[in-house]
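First the structure, in the form of structure tokens, and then the observations on it.
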Amino acid sequence: MSQPNPTTNKNATTDATPPPAGGWLWGEYAPLAGFVAVITLILDQANKLWMILIYGIEERGRVVVTPFLDFVYVLNTGVSYSMFDSASYSWQLGLAAFALVASLAMWVWLCRAGESRLMAWGLGLIIGGAIGNAIDRLWLGGVADFYSLHAFGFYWYVFNIADVAIVAGVVALLYDSFIPSRKDAAKTS
């Protein structure tokens, strides 16, 4: 019996589907996303600890910093824009658990299907921000927000560093979704 010749056996390589980008919990872009998530989490939590324990923003009330930026302490016990507001600690536990499950799902998505550094940055920012806000819910019973932007009598919602990271991460993912993949570009040429 003769051995099949790999140059003539087309089924050996062309019909096989490529393996996924990585495993369930570790992939090509996991180190970058993990680094971004950890740095985001550290910056967010350090800022919150400083604002609450050292600067004492709660006791100071509204502090005018510039004509368009104030520091103020707001404990958000709801979700975005204080929707579904509830001071119940069990509600805060549920929201924190949801943030952790969503973060795990995004991590698995990155590890299984991560395709770019921008996707890793975006998911790292979102994961770090979500975990930072989840820690607030467990520690404070809600998310601590401090920064109030305003202009011409219009006040935007009060936010924190984790919120900025989450929004920046979503923008990065949206931008990444509109960039044609280099692999797709290579296929057409």
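The values are calculated or read from the model by the stated rules, or taken from the named source; none is laboratory data. In this text, all values refer to a predicted model and were calculated from it rather than measured experimentally. No Cβ is skipped: glycine too gets one built from the backbone with ideal geometry, and neighbour counts run over all protein chains shown.
Quick notes on this structure:
- Residues considered: Gly122, Gly128, Gly132. Of these, the only one that is in contact with an Asp or Glu (Cβ under 6 Å, 6 or more places away or on another chain), closer than 20 Å to Ile39 by Cβ, at pLDDT 95 or above and buried (at least 20 other Cβ atoms within 10 Å of the Cβ) is Gly132.
- Exactly one residue among Gln45, Gln92 is in a helix (DSSP H, G or I), in contact with a Lys or Arg (Cβ under 6 Å, 6 or more places away or on another chain) and either among the polar types (S, T, N, Q) or surrounded by fewer than 17 Cβ atoms within 10 Å (Cβ to Cβ) (or both), and that residue is Gln92.
- Listed conditions (1) loosely packed, with under 13 Cβ neighbours inside 10 Å; (2) at negative phi; (3) at pLDDT 90 or above are all met by Gly61, apart from (2).
This table checks each residue for (1) among the aromatic types (Phe, Trp, Tyr); (2) part of a helix (DSSP H, G or I).
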| residue | (1), (2) |
| --- | --- |
| Ala99 | no, yes |
| Trp107 | yes, yes |
| Cys111 | no, yes |
| Ala120 | no, yes |
| Ala134 | no, yes |
| Phe146 | yes, no |
| Val164 | no, yes |
| Ala172 | no, yes |
